[in-house]
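Notes to accompany the following structure.
The values are calculated or read from the model by the stated rules, or taken from the named source; none is laboratory data. Here the structure is a predicted model, which means the values were calculated and not measured. Please note: Cβ atoms are built from the backbone with ideal geometry, for glycine as well, and neighbour counts cover all protein chains shown. Note: areas computed on protein heavy atoms with side chains; ligands, DNA, RNA excluded. Shrake-Rupley method; radii C 1.70, N 1.55, O 1.52, S 1.80 Å.
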Amino acid sequence: MISLNHISIHFTGENLLDDISFIIADHDRIGLVGKNGAGKSTLLKIIKREISPDNGQIIYSQNTSIGHLPQDMTIESERTVIEEAQTAFDHILKLKVEIDQLTDQLTVCTDYESESYSRLIQRFEESNHLFNLLGGNAMKGETERVLKGLGFLEEDFQRPVNTFSSGWQMRVELAKILLRNPSVILLDEPTNHLDIEAITWLEEWIQNFQGALVVVSHDRAFLDNVTHRTIEISQGKIYDFKSSYSEYIVIREEQLEQQLAAYENQQRQIAQIERFIERFRYKATKARQVQSRIKLLEKMDKIEIDGLDRSSIHFRFPPPPSSGKIVVEIKNLSKKYDNKVVLQNIDFTLVKGEKVAFVGRNGEGKSTLSKIIAAGLDYEGIFRLGYNVKIGYYAQNQSELLDLNKTVYETLDETAKGEIRTRLKSILGSFLFSGEAIEKKVEVLSGGEKARLALAKLLLEPVNLLVLDEPTNHLDMLSKDILKAALLDYSGSMIIVSHDRDFLQGLTHRVIEFKQHHINEYLGDIYDFLSARQIDTLRELDTENKIIQNNQILQQSQNKIEYEKRKAHERKRRKIISEIEKCEEAVFQTDNELAEMEHKLANPAQYQDTINSKDFFNRYDYLKKKSERLMTEWEDLHLMLEELDHSDLTDS
């Protein structure tokens, strides 16, 4: 158990964490959430004792061991993958060295009757017993199991760690933490380094883990699968919920609504008391009542509204220019790096307006094909772009490609051309860069800020094909939701590489699975793909004949059900809004005609012949009744819309 008591820490004169307290129990599964920069990573470092708080204390129970995977780290190891992973067993490896040394001594010792030989035998037996007790014989097998679960192939085990990309090096660090099996694991954005297959394997591992977990993640599906408690950091305070992330969202909104209602009720009560005091302050007959109410105000516990930070990016992609019907055409395309084949004889076509997801294990060619399409990477075979296709490309390492020496404003200004240059400050404001922030150097930006800046660059020129490679890495929940809404609203074509199941849900028309140098196509979104494959974890993407033999396929999963409910809700909502618009148009036309008739009634001399007609007054009475009926209908439709939205909120 770890107890955090009145922890505060200040950065640049502001309270990043302000007098927070909570307990991490022995088997807790905590999701730590909040906007980028809220202090989540800092809190993990405080728990790990990497940095000290300005105020407060942390109490650790006896024998607490902590494993911490930071969001980013520099790894410089010349060991092989399996050697580096096995450093997690340092205490067992030292014991093995001791056993080997004792074995050598026993081999050369010939004085079998001596006391020294007896002591050697005793030490050897004790060390062997302890070695077996600590799982020394299972060490190699367990290391290989974890490495394979995190996506390494057997041929990768003997490769030096420093020959892998930073993402794969982070997987080795994660493997070491899992193999150490500490009592508390702290994970900071672990899914940024993993593909869907490795994520689902990690989810299974965590479900069998006996210790406590605190995880920072912006992957809603991952949080829902591994946590049962959510702690939100907002404006220096924490809000603790005994629920998964999706449940927390509903509870938090309900609490805020109740809090707001109680606050408004108290404000009305205070206003009434203050009016009474002001009215009768100077009347002797009311002096006792006035003093009573003054004391009531002084003793009243004032209700305060939680300072929830709702600032977020807001943007829409520019309307795409027209293109030909065929946007991308690929035939018999292959790609290899040196002697390593990545793609072999693949065929792929993207038509106008189509949105496609690329999924599969890391290293299977998703990013490679994206680069061939968007960045001119060399290849063998046939690749054609359609007529007038203009590409907007977000690379997986897009934020790393930014010039660190330029300011935020200069980063956009160097790319922008024409009229758009007059709107750069407005665009940056939409991505939460305003005031002095636009003069910040890129090198001082956080990972989330760099990701937002890279996304802002996509708005500088209208495009009709978006190629996005892991665009959600480093984005907070709200920013991801807004990006998804913008992509749903975007009418151009799109290719998106992502491992975020919640983000991909409902976003694409097709899923392209990359496996063993080839691709397979599935209609629908990510969960349609999962259902078609009859797998609910994607853990066995590379094993064609392994089908889950149970009835809990993903079509019946809560995510799928919720998605269908939201689609049905949106259909009803659009229908009501359409009826409201028709009603408003009818009201407008009716009221215009009534206004003309009333103008004639107000000028009888000018329109005497018209207003004396029986048909005129019949028409006038009809329009008056129609106007009243339409207004009643308009009010009923708005009431239906409010009830629909309220029912959707409470059913969520």
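Computed from the Cα positions only, the extents of segment 1-121 along the three principal axes stand at 72, 34, 27 Å, in decreasing order.
Look at (i) 123, 68, 56; (ii) 137, 86, 56; (iii) 127, 61, 56: the one that is Cα extents along the principal axes in Å derived from this structure is (ii). What the chain shows is 53 Å² of accessible area per residue, with the surface traced by a 1.4 Å probe over protein heavy atoms. Here the calculated FRET efficiency for Leu296 and Ala25, from their Cβ-Cβ distance with R0 = 56 Å, stands at 0.85, rounded to the nearest 0.05.
Based on C-alpha pairs under 8 angstrom that are at least 6 apart in sequence, segment 226-302 has a relative contact order of 17 percent.
With R₀ fixed at 45 Å, the C-beta to C-beta distance from His6 to Ser118 puts the FRET efficiency at about 0.20. Extension gain, Tyr607-Arg49: 0.36 nm per intervening residue step, less the Cα-Cα distance, totals 192.0 nm.
Please state the shape class of segment 408-467: rounded when a/c is under 1.5, otherwise prolate if a/b exceeds b/c and oblate if not, all from the C-alpha gyration tensor. In terms of gyration-tensor shape, oblate.
Placing R0 at 30 angstrom, the Cβ-Cβ distance between Ser65 and Gln235 gives a FRET efficiency of 0.40 after rounding to 0.05.
With the whole protein complex present, Met477 retains an accessible surface near 20 Å², based on a 1.4 Å probe. Dipole size of segment 447-503 about its Cα centre, with +1 on Lys/Arg Cβ and -1 on Asp/Glu Cβ: approximately 60 debye, rounded to the nearest 20.
Bridgeable lysines around Lys40 (alpha carbons under 21 Å apart, same-chain partners fewer than 8 residues away excluded): Lys48, Lys237, Lys242, Lys450, Lys480.
Summary value for the chain: 13 percent relative contact order, contacts being C-alpha pairs under 8 angstrom separated by 6+ residues.
Return one number: the angle in degrees, 0 to 90 and rounded to the nearest 10, between the long axis of the Cα atoms of helix 139-149 and the longest principal axis of the Cα atoms of the chain. The answer is roughly 30 degrees. Looking at segment 361-394, the trypsin sites (Lys or Arg not before Pro) that sit in a DSSP loop and have at most 14 other Cβ atoms within 10 Å of their own Cβ are Lys390. The mean sequence separation of alpha-carbon pairs under 8 Å and at least six residues apart, normalised by the residue count of segment 463-517, gives a relative contact order of 47 percent.
Only helical runs count toward this figure. For the chain, summing -39,500 (n - 2.57) over DSSP H runs of n ≥ 4 and dividing by all residues gives -14500 deg cm²/dmol at 222 nm. Roll a 1.4 angstrom probe over the protein heavy atoms and tell me the percent of accessible area of the chain that is carbon or sulfur. Reported share for carbon and sulfur atoms: 47 percent. Please give the helix 245-280 orientation as an angle from the longest Cα principal axis of the chain, in degrees from 0 to 90, rounded to the nearest 10. Approximately 50 degrees, to the nearest 10. If I fit a long axis through the Cα atoms of helix 447-457 and take the longest principal axis of the Cα atoms of the chain, what angle between them do I get, 0 to 90°, rounded to 10? So the inclination is approximately 50 degrees. Note on segment 381-436: dipole from Cβ charges, positive end direction compared against Asn397, Leu432, Gly418; the farthest Cα belongs to Gly418.
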